[in-house]
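A.B. asks: I'd like to ask some things about the structure below.
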Amino acid sequence: MRLALDEAERAVLGGDVPVGAVVLSPDGTTVLAAGHNEREATGDPTAHAEILAIRRAAAALGEWRLSGCTLVVTLEPCTMCAGAIVQSRVDRVVYGARDEKAGAAGSLWDVIRDRRLNHRPEVVEGVLATECARLLTDFFRGR
Ligand SMILES: [Zn+2]
């Protein structure tokens, strides 16, 4: 999560909301990829931290299945990212702050653990939640 927080801080340089993500290898020892929110920087509405990290991890592994991998992200994933997480077959999602307004991993929806889906990654929430949330509140306060 510390690495994801570092990544989140990079988003601010491009004028983006500070959200960062990393994908860890199945044995948990290697960071396969990282990403931060680049929506403003790239003008791409899908350029959320999780999407970019998942794409890069798949490129690093040379296949779309991220079975056994863990995605760590500073903010609870939205519906788009929750969908991408399920599609990528990531096995574990660790997130920091909850997103009560748009979260799709327990707050507003729980797309990731929806019992109707075949693949339901494990979800661990609240890791360094205060720091993850503070980064966001500081960003919006400074605007
Ligand atoms: Zn998202």
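A.B. asks: How big is the charge dipole of the range 1-110 about its Cα centre, in debye rounded to the nearest 20, if each Lys and Arg gets +1 on its Cβ and each Asp and Glu gets -1 on its Cβ?
C.D. replies: With Lys and Arg at +1 and Asp and Glu at -1, about 220 debye.
A.B. asks: Report, please, the projected area of the chain averaged over directions, based on the convex hull of its C-alpha atoms, in nm².
C.D. replies: For the Cα atoms of the chain, the hull's average projected area reads 7.8 nm².
A.B. asks: Mark the label point 7 Å from the Cα of Val124 along Cα→Cβ and return the residues of the range 55-75 whose backbone N is within less than 14 Å of it.
C.D. replies: Residues 69-74 fall inside that zone.
A.B. asks: Name the most mobile residue of Arg55, Arg115, Arg92, meaning the one with the largest mean-square fluctuation, in a Gaussian network model of the chain with Cα contacts below 10 Å.
C.D. replies: For the chain, modelled as a Gaussian network with Cα springs under 10 Å, the answer is Arg115.
A.B. asks: 7 Å from Cα along Cα→Cβ at both Leu117 and Glu100: what's the point-to-point distance in nm?
C.D. replies: The modelled label-to-label distance comes out at 2.4 nm.
A.B. asks: Helix 49-61 versus the longest principal axis of the chain: what angle, 0 to 90°, nearest 10, using Cα atoms?
C.D. replies: On a 0 to 90 degree scale, this one is about 40.
A.B. asks: Give the residue list of GluC sites (Glu not before Pro) in the range 11-76 that are DSSP loop and have at most 12 other beta-carbon atoms within 10 angstrom.
C.D. replies: When the GluC sites (Glu not before Pro) of the range 11-76 are filtered for loop state and at most 12 Cβ neighbours within 10 Å, Glu63 remain.
A.B. asks: When the label point is put 7 Å from the Cα of Trp109 along its Cα-to-beta-carbon vector, which residues of the range 15-55 have a backbone N closer than 11 Å?
C.D. replies: none
A.B. asks: Restricting to DSSP H runs of at least four residues, report the calculated mean residue ellipticity at 222 nm for the chain, -39500 (n - 2.57) per run over all residues, nearest 500 deg cm²/dmol.
C.D. replies: Helix-only estimate at 222 nm: -11000 deg cm²/dmol.
None of the figures in this text is laboratory data; all of them are computed from the coordinates on show. Note that the structure is a prediction, hence the values are computed from the model and not measured. Every residue, glycine among them, receives a Cβ derived from its backbone with ideal geometry; neighbour counts consider all protein chains shown.
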